[in-house]
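One structure is given below, encoded as structure tokens.
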Amino acid sequence: MPGEKKAMMLGIRKRMALGFIFIIVITVVVLEALIINIVRSNYYRNLESSLYNQVSVSCELYLRYFSDTSLTDNVLNNVDSFWRQTNAQVEVIDANGRVLMDSIGYLPDDFGIMAVSKVLQADGRTIGVLRFITTVKEVDEDVYQVSRVFIVIGLIVTAASVALCFLLSNSIVNPIQKVNEVAAKMASGDFSVRVKKIYNDEIGKLSDTLNYMADEIDKRDTLKNEFISSISHELRTPLTSIKGWAVTLMETGSDDKELFDTGLDIIEKESDRLTMMVEELLDFSRLVSGKMTMRNEQVKLGTAAFT
């Protein structure tokens, strides 16, 4: 039995800890994924916004200061003042979709790039497209560094939460184990033990119930012992009387008719008294076992009862 109880408590502790750890890990992983995705989206959005602002300024400069010359002539004359403020790769495309100029001459070898395009206008008509292209390698590295920080924080939070889970499971399982130990002692007949109430929760209420049950059993045992003691004392008197008269009658015989009748009468009365005591014992046994219940009723006594 102790081994089974220990295994049961370990099982409860293990199930609680594993359940809490599973919830914590899932929560941390989901939050980490959301945060990293938000950070990545913000970095990419900022990069896109920066490129868009740069290409917008370049198109505005071209419209104001270089639109009186054709786009092809500007490219042939190496006019780069309108786009030199950016570090991105620049492509100038005419209205027919031909690439007139590429600041690098080739596409980056990086896995990921970002491109932002805006139309070039002159005299209210579209003459081409200005495209800024940049690699997202640096952005990905920044996102990676930030992600590492969040992952380390997540691991620390997970470790701390797991430790708290074990503390929490112990705070629940240990009181249950103590209640179980006291209940086992009560089951073996030791009703002098009591459960120490620690928290005013469901376990505390269970402790109160066990203690109340032990108190009631103690009271019933005390009442039973007192009743048996009282009955034993009461039984001695009629038994002694019956035995005494039986011995007397055997010694005297039936010569003394009056004495003989008196003795038989006393023996009969004491026997009836013993019978009533046995009935009371049986009633008490039925009351304790629950086979008989007592019904209390209020009775109004009249004045005649006291006269």
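The values are calculated or read from the model by the stated rules, or taken from the named source; none is laboratory data. Just so you know, these numbers come straight off a predicted model, no measurement behind them. Backbone-built Cβ (ideal geometry, glycine too); neighbour counts: all protein chains shown. When the accessible area is computed, the model is the full protein with side chains, heavy atoms only, and any ligands, DNA or RNA have been set aside. Shrake-Rupley method; radii C 1.70, N 1.55, O 1.52, S 1.80 Å.
Quick look at the values:
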{"quantity": "Single condition ARG194 does not satisfy, out of (1) of a type outside the set (A, V, I, L, M); (2) in a helix (DSSP H, G or I); (3) touching a residue at least 12 places away in the same chain (Cβ under 8 Å)", "calculated": "(2)"}
{"quantity": "Every residue from the range 184-209 that is more than 25 Å from the chain's Cα centre (by Cα) and among the aliphatic types (A, V, I, L, M)", "calculated": "ALA184, MET186, ALA187, VAL193"}
{"quantity": "Condition met for ILE172 (of a type in the set (Val, Ile, Thr), more than 23 Å from TYR43 (Cβ to Cβ) and touching a Gly at 6+ places or on another chain (Cβ under 9 Å))", "calculated": "no"}
{"quantity": "Subset of the range 55-88 that is open to solvent by 50 Å² or more (accessible area, probe 1.4 Å) and within 60 Å of the chain's Cα centre (by Cα) - its residue that is modelled with the lowest pLDDT", "calculated": "GLN85"}
{"quantity": "Where a residue in the range 223-238 is touching a residue at least 12 places away in the same chain (Cβ under 8 Å) and its partner, wherever it lies, is in a helix (DSSP H, G or I) and not aliphatic (A, V, I, L, M), with Cβ under 7 Å and at least six apart", "calculated": "PHE227/PHE284; PRO238/GLU270; PRO238/ARG273"}
{"quantity": "Unmet requirement for ILE153, which otherwise passes all of (1) surrounded by 13 or more Cβ atoms within 10 Å (Cβ to Cβ); (2) without any contact (Cβ under 8 Å) to a residue 12 or more places away in the chain; (3) assigned to a loop (DSSP other than H, G, I, E, B)", "calculated": "(3)"}
{"quantity": "Answer residue from the range 42-54, given it is surrounded by 17 or more Cβ atoms within 10 Å (Cβ to Cβ) and not aliphatic (A, V, I, L, M) and is nearest to the chain's Cα centre (by Cα) among those", "calculated": "TYR43"}
